[in-house]
Structure formats: C-alpha cells, structure tokens
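Trainee: If you scroll down you'll find the structure; I have some questions about it.
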C-alpha cells in the first residue's frame, strides 16, 4: 500500500499494543483519577460497585439511608454496613467519603454530594443504585409510594443534584431491572400487590427518564445509560417477600423452596447472578472504554429477555 495511506496500518496496529511499561503492575486503572457518587452503597450491588470502581482507581462518595422502612419486609442496610463499604474502599488505597442520606430527599443528597466535592474537588461518575423491593408490603398503597419514591424519584434526585457538577466525559449509570422489560399486559389480580407493581413501574420510569436525559446530555459530551439486572444474589432477593413472590403456592416458603424457581427468569442455567457481574458492567460504562455509548438499556440478565421476547428494535 502506497501514497497517502503510508504508515496508517502501522499506526493502527500500534494503538492495540500494550507496552511492557503499561502492562507491568497494571498501574493505570480503568477509571484512574475519577470520582464516583454512588447511592445505595452500604451493601449489595452498591457496595460491589464502590469497591470495583475503587479497585480501578476511582475515589468514592458513598451514600445510603441506613434505616428500615415499615412497609418493606426485609431489613435494609445499617450504618455499620456503610462503614464496612468505606473500609473495603480504603483497602484499595482510594479515598472515600460516606454520608447517611435519604434518596427521597434531594436536599439530603445535595449535602452528601457537596461533602464529597469538598474532599475530591470534582465529579465524573454517578451510579444511581439505591432501591427497594416493596413486594407484599403493607400497608399496600404505602408500599407503592415508598417504592416509587425510592426507586424512581430517588434516581432522579441522585442524578439531578449531580448534573451541575458534571463535565464533558462524565458518565451516569442508573440501575433499573429486568422487571422493567417484562410484559405486564395480563393482570389477573389488579390491586393485589401494589408494592410489587410499583417496583416494576418505577424501573420502567427510570428507563424512560434516562433515555430522554441521555438525548439532552449527548451534545454536552455526558453519557447516561441504564443497566437491567436479572435476579441478583443480594439481601433483596434473599428475602421472605421475594420467596413468597416466587412461591405463592406455599404459606411460608424458605430459600430452599424459592431458589430453584429463580431460574425461571433466565435462559442461561443459573438461578441468579452476583453483584460483581453488575459491577463489571458499571465499570465499563463508567470508563472511557464506552466513551461513545449512551442512551443504552444494557441487560445483564443471563438471557432473560431472550427467553420471553422475540427480536425487535
């Protein structure tokens, strides 16, 4: 090949070659020098995201409510859980600022974020992870309200308090759910479980909100994407309300009763995925490796969508 393309292939090939200096010790993390604001960070997926991003060089602003809801039939994270997240982040050598804040209250999130900004000076990554599953919650309509306000309004609050601080190259990642993609046209028992329906609705609304937000942010060089996990092995899944949802035929189902039925959600032969599986997707979306990926609904669902739906754009 001659003419104006001389050297082009050599330059292209060299861009894929890792030098010994770059490889040795893997010294440059995939989100090195970035700062991440993470809600729901005290345990489960949120803690996993915080640790994974810290392992790859990010400093962390970790937020959680650390209180129970009366309508939620399983215990939520504690202040001690948030302290453990901080300890695990610090173990990686990265900085961490923690705050107890209710995602339903934008003012509390703003205060928490400002404390992190005072420490780290900037913000590059937002991970809106905080969420609850209000299945079978009582009082039923309060369970609906708590789910919508935490999952949907809480996601909006986390993102929108961060927007004034995001610059070109920043990445927003919101956690929805495979439930957001489920076909719900058949409702044989309307009003039977408002908390469960509210969970699905909140996750659908997150998906649509981020889709339209990504459009407005794209011209500003800021990306926004949604991750849809299937069953994930956290305290939310391993809980009595979830066991009852999967085994309505039993009065008091146990984990042993419910776990084999978890597999109905996935095409791949697994009952659930692990938080780390989601964290790896979060890391990719947070990193510059995905610098032209925005407005995406990323399914980490072990083929769950494939099992239930035909192809469509």
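Trainee: Being assigned to a loop (DSSP other than H, G, I, E, B) and free of Cβ contacts under 8 Å to residues at least 12 places away in the same chain is the filter here; which residues of the stretch 192-223 pass it?
Mentor: Result: 192, 219.
Trainee: Here are some conditions: (1) under 21 Å from residue 47 (Cβ atoms); (2) crowded, with 21+ Cβ neighbours inside 10 Å. Residue 274 meets all but one. Which one does it not meet?
Mentor: (2)
Trainee: While we're here: Pick from the stretch 119-132 the residues that are surrounded by fewer than 19 Cβ atoms within 10 Å (Cβ to Cβ) and in contact with a strand residue (DSSP E or B) (Cβ under 7 Å, 6 or more places away or on another chain): which of them is farthest from residue 289 (Cα to Cα)?
Mentor: 119
Trainee: I'd like the residue in the stretch 224-279 that is in contact with a helix residue (DSSP H, G or I) (Cβ under 9 Å, 6 or more places away or on another chain) and in a strand (DSSP E or B) and, out of all such residues, is farthest from residue 306 (Cα to Cα).
Mentor: Among those that are in contact with a helix residue (DSSP H, G or I) (Cβ under 9 Å, 6 or more places away or on another chain) and in a strand (DSSP E or B), it is 224.
Trainee: While we're on this one: Any chance you could count how many residues in the stretch 280-304 are part of a loop (DSSP other than H, G, I, E, B) and crowded, with 16+ Cβ neighbours inside 10 Å?
Mentor: Adding up the residues that qualify gives 6.
Trainee: Which of the residues that make up the stretch 45-64 are under 19 Å from residue 80 (Cα atoms) and either surrounded by fewer than 24 Cβ atoms within 10 Å (Cβ to Cβ) or in contact (Cβ under 8 Å) with a residue 40 or more places away in the chain (or both)?
Mentor: Matches in the stretch 45-64: 45, 46, 47, 48, 49, 50, 51, 61, 63, 64.
Trainee: Sticking with this structure for a sec: Is it true that some residue in the stretch 29-44 is surrounded by fewer than 17 Cβ atoms within 10 Å (Cβ to Cβ) and either within 22 Å of residue 280 (Cβ to Cβ) or at pLDDT 95 or above (or both)?
Mentor: yes
Trainee: Tally up the residues in the stretch 133-191 that are buried (at least 19 other Cβ atoms within 10 Å of the Cβ), part of a loop (DSSP other than H, G, I, E, B), touching a residue at least 60 places away in the same chain (Cβ under 8 Å) and more than 17 Å from the chain's Cα centre (by Cα), please.
Mentor: 4
Trainee: If you don't mind, there's one more thing I want to ask. Residues being touching a strand residue (DSSP E or B) at 6+ places or on another chain (Cβ under 9 Å) and over 24 Å from residue 125 (Cβ atoms): count how many of those fall in the stretch 234-288.
Mentor: Total satisfying the criteria: 2.
Trainee: Return the only residue of 120, 37 being under 16 Å from the mean Cα position of the chain (by Cα) and farther than 21 Å from residue 277 by Cβ.
Mentor: Going through 120, 37 in turn, the sole match is 37.
Residues are listed down the side, and each one gets a yes or a no for (1) touching a helix residue (DSSP H, G or I) at 6+ places or on another chain (Cβ under 8 Å); (2) farther than 19 Å from residue 286 by Cβ:
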residue: 149; (1), (2): no, yes
residue: 154; (1), (2): no, yes
residue: 169; (1), (2): yes, no
residue: 176; (1), (2): yes, no
residue: 183; (1), (2): yes, yes
residue: 190; (1), (2): no, yes
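Trainee: Condition first: farther than 20 Å from residue 166 by Cα and out of contact with any strand residue (DSSP E or B) (no Cβ under 7 Å at 6 or more places or on another chain). Now tell me which residues in the stretch 200-230 satisfy that.
Mentor: 200, 201, 202, 203, 204, 205, 208
Trainee: Separate question: Among (1) surrounded by 17 or more Cβ atoms within 10 Å (Cβ to Cβ); (2) touching a residue at least 40 places away in the same chain (Cβ under 8 Å); (3) outside any loop (DSSP other than H, G, I, E, B), there is one condition residue 115 misses while meeting the rest; what is its number?
Mentor: Every condition holds for residue 115 apart from (1).
The values are calculated or read from the model by the stated rules, or taken from the named source; none is laboratory data. Small disclaimer: the values here were computed from a predicted structure and weren't measured. When we count neighbours, we look across all protein chains shown, and the Cβ atoms used for this are built from the backbone with ideal geometry, even at glycine.
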